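Here is the structure we will look at, set down as structure tokens.
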Amino acid sequence: MVEFIIHADDIGNIDNKELKFELREQQNPSQIIETRYQNIDNNYYVIFAKVPKNWKVLSLSMGYQNDILNAIDDEDLENKKDENNNKSTYKSSLLSVVRIYSDREDIKEDSFLKEKTSAKYFEEIIDIEVSFLSENIKEFNSTLDKEYKKISDAKSKISELESDKKYQTEKEITETNKKITRNTSEIKKLEETIKTNESLIKENEEKIEKANERIASLS
């Protein structure tokens, strides 16, 4: 059994159509594998399917029901199967298709995988969101460290340039002042970037706080 956890921003679904899924496997791309799913917290879906034991690459398509079957070129899946093969074209019942691929080597294996309750999936999804948000904060903090270092270097350079002016001719001072101006401008740009990143860190921290509140409300 395989399990997909999907987040879908359904902002373009003005007709409020039900999201549909089609699962195919690399070695038999014309065959649709039967799926079932749970809709968790509006935007999240957990899709389940039983696939062949020797599967290599899965293609999960998401979209809305199409009353007229359209031919869809699945070039990417066929290329994964054999770079020398021609394109494979098959009929899909979905419109507005978004397709993702899962390679067997890239998945997380679970010997005890089984379907859980919606409440349990909701907890897992919140944990996943918090993990992503925490990683974002880590990356923003890393960027901030680099930006502070650049500001420190620029200020040191300005100090050196100001000191050099004591022994320079007027022409040389003019050139030095240009360098000082460039470094000063760079500092201002970095300070603006720092403000933006600090704001993003705060936003992610607030999201984590709200996510934890949602988990607490379930207990």
Charge dipole magnitude, Cβ of K and R +1, D and E -1 - the stretch 169-216, Cα centre, debye nearest 20: 160
Students often forget the sequence filter, so: which lysines lie under 18 Å Cα-Cα from Lys202 once same-chain residues fewer than 8 apart are removed? Lys138, Lys210
With +1 at each Lys and Arg Cβ and -1 at each Asp and Glu Cβ, the charge dipole magnitude of the stretch 133-219 around its Cα centre, to the nearest 20 debye, comes out at 260
Yeah, the stretch 148-217 with a ≥ b ≥ c from its alpha-carbon gyration tensor (a/c under 1.5 is rounded, else prolate when a/b outruns b/c, oblate otherwise) is prolate
Taking 0.36 nm per residue of separation and subtracting the Cα-Cα distance, what length does fully extending Tyr148 through Ser217 add? 20.9 nm
Assuming 0.36 nm per residue, please report the length gained on full extension of the stretch Lys53 to Ser131 beyond their Cα-Cα distance. 25.0 nm
Net charge within 14 Å of Glu209 by Cβ-Cβ distance, Lys/Arg positive one each and Asp/Glu negative one each, not counting Glu209 itself? -1
What lysines could a cross-link reach from Lys155, if we take a straight Cα to Cα line under 20 Å and drop same-chain neighbours fewer than 8 places away? Lys146, Lys165, Lys166, Lys178, Lys179, Lys188, Lys189, Lys195
What full-extension length gain, to one decimal in nm, is calculated for Glu191 and Gln65 as 0.36 nm per residue of separation minus the Cα-Cα distance? 40.4 nm
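Coordinate-derived values only; no laboratory data. Nothing here was measured: the structure is a model prediction, and the numbers come from that model. All Cβ positions, even for glycine, are placed from backbone atoms using ideal geometry, and neighbour counts span all protein chains on display.
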